Structure formats: structure tokens, C-alpha cells
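Comments concern the structure below.
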Amino acid sequence: MYKWKVEELKIQIGKLIQLHRLKKELSQFQLGNELNLSSNHVGRIERAETNPTIEILVKFCNFFEIDMLLLFTKLSDSELKSIESEIDHLQKEFKNQNKRKS
């Protein structure tokens, strides 16, 4: 059994939520609207600055159609780095896509 550090878990959950948001090509504002949360709150969760409630985690999992266990299964350092790389790539795509819309 892995013994979590709270900060570690918050970081992992935040990165997974950010990854799934970007895969759906949603801004924090758009996701917040879908889940009845403020964009600031979504950002704080993604940056691991706050603890999401169970209710909010259920909303995220249902919206993204992911199993809650995904958020709580310890990822290896290489898996986290891979997720971070994918987030960076998706963020660049998202910014470029929004520039074209302007």
C-alpha cells in the first residue's frame, strides 16, 4: 500500500483534471460552467492549491467519464512526467487554436 502525502495527491489529481480538460479542448471557465464551479476554483484545483471535495471529484469524474480510482492510483514519476509533457503540448495547441479564433 502506498502512503500518500497530501500535497502529492493534490498535485496528481490537479494534473489529471487539467489533462482531461485540455483533451476536451475546454478552458477553465468553460469547465467551471459545465460543473457549476468558478474558473478560479478549477484553476486552484489544477494547481493543487486547494482540496477538492468528494462532490467536486465526482462531478469531474462523471463529466470526463473516468473512474474515480484513476485519480487515487499512485502514478510513477515517469507517468507524471509523461502527463506533464502532454499537458504542455495540449496547452500550446489550445493557445494556438484560440489565436486563430480571434
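None of the figures in this text is laboratory data; all of them are computed from the coordinates on show. Keep in mind the model is a prediction, meaning the values are calculated, not measured. We place every Cβ from the backbone using ideal geometry, glycine too, and count neighbours over all the protein chains shown.
Pull out all pairs, ordered by first then second residue, where Cβ-Cβ is under 6 Å, the residues are six or more apart or on different chains, the first lies in the range 56-76 and is over 18 Å from Leu35 (Cα atoms), and the second is loosely packed, with under 14 Cβ neighbours inside 10 Å.
That search, which allows pairs on different chains as well, returns Lys74/Tyr2.
Matching residues to (1) surrounded by 15 or more Cβ atoms within 10 Å (Cβ to Cβ); (2) not aliphatic (A, V, I, L, M):
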| position | (1), (2) |
| --- | --- |
| Val6 | no, no |
| Leu16 | yes, no |
| Lys23 | no, yes |
| Leu26 | yes, no |
| Asn36 | no, yes |
| Arg47 | no, yes |
| Lys59 | yes, yes |
| Leu69 | no, no |
| Ile83 | yes, no |
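State yes or no: is Lys59 more than 13 Å from the chain's Cα centre (by Cα) and assigned to a helix (DSSP H, G or I)?
So Lys59 does not fit the description; no.
Being in contact (Cβ under 8 Å) with a residue 60 or more places away in the chain and assigned to a helix (DSSP H, G or I): is that true of Lys15 here?
Judged against the criteria, Lys15 is a match.
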